[in-house]
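**Student:** Please read through the structure below; I'll follow up with questions.
The values are calculated or read from the model by the stated rules, or taken from the named source; none is laboratory data. Note that this is a predicted model, so its numbers are computed, not measured. Cβ: placed from backbone, ideal geometry, glycine included. Neighbour counts: every protein chain shown.
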Amino acid sequence: MSSKPGVLEPLRVRVRRFQFIVGLGFLSLVLGAMLSVSLVIRLQERVSALPFDLVRLGVAVVLENLWILAVLPVLCYGASRIVALRPWNTALGAAATGGLFVLALNFVRDGTEGLLEWNLGTVLRLVAFAGGILLSARAIRAGRAAAERGSTAAQVKAEARKSEYDEFLKAAEADGARLEQREGASAQAPAAVAPEATAQAATPDATPEGTSSPPGEVPKTPAA
């Protein structure tokens, strides 16, 4: 039973990565659609006033594919700053997710004829799709490089703080050693004075044997 989690762990990691890539593509499509609709509403008159049909078609394709040309690279860059992502796998997977949703919507709206129709607009959409994948892959690489630079800078700061802490600790230990030496010296000084005071207090005041009595005093002899 203990070997099953270790065997299934790589599969779980792949499933989570797949879910993350699918969610990234779907989120970019939703946000890009909202951005495209708002820009189309505001720029519709100006785009219609352009003199050439090719220019109008190119602008329309760009506005239609903002989800992969702008939103997806930004999301990939932000995600790669936090999570280690593979550039091409993530870019292709997220773009394929969004592209499948777009094809499904076109199929519901136009049927099979809309999917099988090939014209200049279709070619421009494919070019925009490929360009979005390339931009997303480059954004992931840039995000990973920025994350590595940030981690390197954080390691340098951590090492600098560690060296400062080591120096502070050494200085504190030196101060503690000097304080202990001072306390030991101050404790040894009273201990050296104490024996001398004890010796002086123990000296008797009586006159020693063999000394003469002071004048005027008669030695007392016991009666026979």
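**Student:** Of everything in the range 90-128 that's hydroxyl-bearing (Ser, Thr, Tyr) and touching a residue at least 12 places away in the same chain (Cβ under 8 Å), which residue is surrounded by the most Cβ atoms within 10 Å (Cβ to Cβ)?
**Tutor:** In this case the residue turns out to be THR90.
**Student:** Follow-up. Which of the residues that make up the range 37-96 are in contact with a Ser or Thr (Cβ under 9 Å, 6 or more places away or on another chain) and among the β-branched types (Val, Ile, Thr)?
**Tutor:** The answer is ILE68, VAL71, VAL74, THR90.
**Student:** Would it be correct to say that ALA33 is within 28 Å of ALA145 (Cα to Cα), crowded, with 18+ Cβ neighbours inside 10 Å, over 24 Å from the mean Cα position of the chain (by Cα) and in contact (Cβ under 8 Å) with a residue 24 or more places away in the chain?
**Tutor:** No: the conditions fail for ALA33.
**Student:** Sticking with this one: So LYS157 ticks every box in (1) surrounded by 11 or more Cβ atoms within 10 Å (Cβ to Cβ); (2) modelled with pLDDT under 85 but one. Which box is left unticked?
**Tutor:** (1)
**Student:** Pick from VAL7, VAL74, VAL59: which is free of Cβ contacts under 8 Å to residues at least 12 places away in the same chain and surrounded by fewer than 18 Cβ atoms within 10 Å (Cβ to Cβ)?
**Tutor:** VAL7
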